[in-house]
1. Among bridges DSSP assigns within the chain, what percent are antiparallel (round to 5)?
2. Which whole-Hz couplings ³J(HN,Hα) result when phi for each residue of segment 31-41 is put into the Karplus expression 6.51 cos²θ - 1.76 cosθ + 1.60, θ = phi - 60°, listed in order with x for Gly and Pro?
3. Counting each DSSP H run of 4 or more residues in the chain as -39500 (n - 2.57), what helix-only mean residue ellipticity at 222 nm follows after dividing by all residues, to the nearest 500 deg cm²/dmol?
4. How much of the accessible area of the chain, in percent, comes from carbon and sulfur atoms when a 1.4 Å probe is used?
5. Determine the principal axes of the Cα atoms in segment 94-243, then give the extent along each, sorted from largest to smallest and rounded to whole angstroms.
6. How big is the Rg/Rh ratio for segment 1-150, C-alpha atoms only, Rh by Kirkwood, two decimals?
7. Could you tell me the extents of the chain's C-alpha atoms along the three principal axes, largest first, rounded to whole Å?
8. Quick one: in segment 270-340, what % of C-alpha pairs are over 21 Å apart?
Amino acid sequence: MKITKRPRRLRLNQALRNSLAEISVGANDLIAPFFVVDGKNQKQAIKSLANVYRLSTDNLLKDLERALKLGINSAVLFGVVDSEQKSALGKSSHDHNGPVATALRAAKAAFGSDINLITDVCLCGYTDHGHCGILKKTSQGYIIDNDSSLEHLAQMAVMHAEAGADIVSPSDMMDGRVGAIRESLDSQGFNNVGILSYAVKYASAFYGPFREAAGSSPNKSLEQEFSPPKDRKTYQMDYRNVRTAFREAKLDEEEGADMLMVKPALPYLDVLARLRPQTSLPLVAYNVSGEYAMFKAAAKIGSLDEPLAVHEALTAIKRAGADLIITYYALEALEKGWLD
Ligand code: PBG
């Protein structure tokens with residue numbers, strides 16, 4: 001057979017390949033995550049997350065400046081508090097002097113609207129039981145009290161808005177939280193504060209390192225008659241299902257979300273790609289801690305060429321339909337020139 005069709009012609013040199021590339025990933029596509037703590041001069045290593053630290057506000061400002069210099073426009077902040085500050089109702093989640101509020105005020109004073117500051121809205125880092133909602137005791141044991149959790153989440157979102165958040169990002173997966181947060185923000189005059197909803201958040205093994213970073217694993221042994229649920233499966237989604245993703249996304253859009261998230265990213269590219277044509281809202285994918293930890297571990301033992309693997313993975317997430325990607329690689333990948 002005479003070969004006349006030769007797709008390889010378009011791949012024969014780097015210049016041609018570059019000019020034909022459909023997808024590129026750069027600073028504008030990335031959101032950098034940061035863990036923030038109280039105090040000064042804190043830079044606490046996290047065992048399961050190489051190169052990621054819990055930072056006090058002074059050190060956070062240095063990293064935000066680094067991020068801005070690299071062209072990153074957005075950061076998401078996760079508050080981490082000591083166990084003495086945790087309680088059944090997670091009251092410290094809406095403390096105006098907590099680490100997130102302190103960081104927001106300082107970052108806004110330093111960088112103003114140059115940086116888009118997103119905050120994680122969830123109770124798990126602030127409750128003593130580690131759940132994302134409030135627990136209620138019933139004759140069957142503890143259950144997550146969806147509706148009373150909403151008030152706490154809304155209060156937390158308003159506190160973040162008061163401290164300067166541009167966008168609040170509920171990650172708790174309670175029903176109705178986007179609507180409750182939108183209503184509270186609007187009634188307090190924060191109609192310009194956006195909501196990035198973790199709409200499609202699966203109950204995943206890939207959040208393990210994050211829970212070490214935030215000290216937020218569920219079911220730390222409490223001296224109670226019944227122990228609370230050991231996992232988040234009554235609120236985070238079952239990974240055997242995809243239609244539930246479409247339903248969650250639609251509800252959050254109807255309740256007023258401005259952007260939707262799919263999480264985790266790499267094992268869920270099918271979900272992202274199938275959700276893409278169903279909404280005109282921007283989609284954000286979270287390349288979560290366990291995905292990052294796998295890459296780091298493989299790179300460390302020489303099994304993976306880290307720069308190439310990171311470029312490929314982030315490109316794939318964008319190709320599947322993400323407008324923005326939250327990744328612990330954001331600063332490192334840009335600083336070391338791994339991206340486009
Ligand atoms: C809080 C929250 C979690 C993550 C983001 N927000 C943990 C969880 O739901 O258990 C995970 C992020 C990551 O793994 O990088 N609910």
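The values are calculated or read from the model by the stated rules, or taken from the named source; none is laboratory data. Given the structure is predicted, the values throughout are model-derived calculations rather than measurements. All Cβ positions, even for glycine, are placed from backbone atoms using ideal geometry, and neighbour counts span all protein chains on display. Ligands, DNA and RNA are stripped out before the accessible areas are found, and what is left, the full protein with its side chains, is counted by its heavy atoms. Shrake-Rupley method; radii C 1.70, N 1.55, O 1.52, S 1.80 Å.
1. So the antiparallel bridges in the chain amount to around 20 percent.
2. 10, 8, x, 9, 9, 10, 10, 5, x, 10, 6
3. On the way: 11 runs with 121 residues, N = 340.
Only helices count here, giving -11000 deg cm²/dmol.
4. About 50 percent, which is the carbon plus sulfur part of the accessible surface.
5. The Cα atoms of segment 94-243 stretch 48, 33, 29 Å along their principal axes.
6. Values: Rg = 22.8 Å, Rh = 18.7 Å.
We get a ratio of 1.22 for segment 1-150.
7. Principal-axis extents of the chain (Cα, largest first): 77, 44, 44 Å.
8. Values: 684 of 2485 pairs.
Cα-Cα pairs of segment 270-340 separated by over 21 Å account for 28 percent.
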